[in-house]
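Please read the structure below before turning to the comments.
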Amino acid sequence: MSKDTNYIIPIKQIPPSYQLCFNDSCLKAGECLRHLAGLSINNDQVWGPAVYPNALRNGECCMFKQTRIMHGAYGFNTIFDEVKQKDNTPIRNAIKEYLGGHGTYYLYHHGKKLLTPEQQEWIIQLFKHHGYRENLIFDGYRDEYDFSL
């Protein structure tokens, strides 16, 4: 399999446990993120999680993941700038619960994980629900391939 450098994903963007696909005969290979990720592995990588060939049945792959570039966000300092003291803890706790806990919250805060557009919208709606309408932006934004489920 030859690598097309026009479609290489930076290896640091591919989650270590992400299932890669190497099925070139799949009709949707050109638009599948799993196949694109498979084309992007380092030449010295010899094993890892993979999609098995039998995932493709009757022309349909049950593991197909549409390639999507997402406008991800990270960091909560800016969005909390105007929050009143009484609202700070309840809003922060709601976000932590929504994102899966304290540790995960800080992965998003420090840009180790990016908030999907759907997560961004949920958080913005939470602030609006508490009466905040202005400066509802995150600390930073990056466009990356969307490896979310």
* When Ala37 is evaluated against the numbered criteria (1) open to solvent by 70 Å² or more (accessible area, probe 1.4 Å); (2) touching a Leu at 6+ places or on another chain (Cβ under 6 Å), which criterion, by number, is the only one it fails? -> (1)
* To do: Could you figure out which of (1) among the aliphatic types (A, V, I, L, M); (2) open to solvent by less than 70 Å² (accessible area, probe 1.4 Å); (3) in contact (Cβ under 8 Å) with a residue 40 or more places away in the chain isn't true of Ile8?
  => (3)
* Structure fact -> Of (1) farther than 22 Å from Ser17 by Cα; (2) more than 20 Å from the chain's Cα centre (by Cα); (3) surrounded by fewer than 13 Cβ atoms within 10 Å (Cβ to Cβ), Glu97 fails just (2)
* To do: Look through the stretch 98-145, keep the residues that are touching a Ser or Thr at 6+ places or on another chain (Cβ under 8 Å) and of a type in the set (Phe, Trp, Tyr), and return whichever of them is nearest to Ile14 (Cα to Cα).
  => Tyr145
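Just one of Gln119, Gln125 is in a helix (DSSP H, G or I) and either open to solvent by 80 Å² or more (accessible area, probe 1.4 Å) or of a type in the set (Asp, Glu) (or both); which is it?
Working: Gln119 fails: either open to solvent by 80 Å² or more (accessible area, probe 1.4 Å) or of a type in the set (Asp, Glu) (or both).
When all the criteria are applied, what remains is Gln125.
Only one of these is within 27 Å of Leu33 (Cα to Cα), among the β-branched types (Val, Ile, Thr) and in contact (Cβ under 8 Å) with a residue 40 or more places away in the chain: Ile123, Ile137, Ile79. Name it.
Values: Ile137 fails: within 27 Å of Leu33 (Cα to Cα); Ile79 fails: within 27 Å of Leu33 (Cα to Cα).
Result: Ile123 is the single residue among Ile123, Ile137, Ile79 that is within 27 Å of Leu33 (Cα to Cα), among the β-branched types (Val, Ile, Thr) and in contact (Cβ under 8 Å) with a residue 40 or more places away in the chain.
The values are calculated or read from the model by the stated rules, or taken from the named source; none is laboratory data. Treat the numbers as computed from the prediction; the structure is a model and nothing was measured. In this analysis, Cβ positions are derived from the backbone assuming ideal geometry, glycine residues included, and neighbour counts consider all displayed protein chains. We work out accessible area using only protein heavy atoms, side chains counted, and drop any ligands, DNA or RNA first. Shrake-Rupley method; radii C 1.70, N 1.55, O 1.52, S 1.80 Å.
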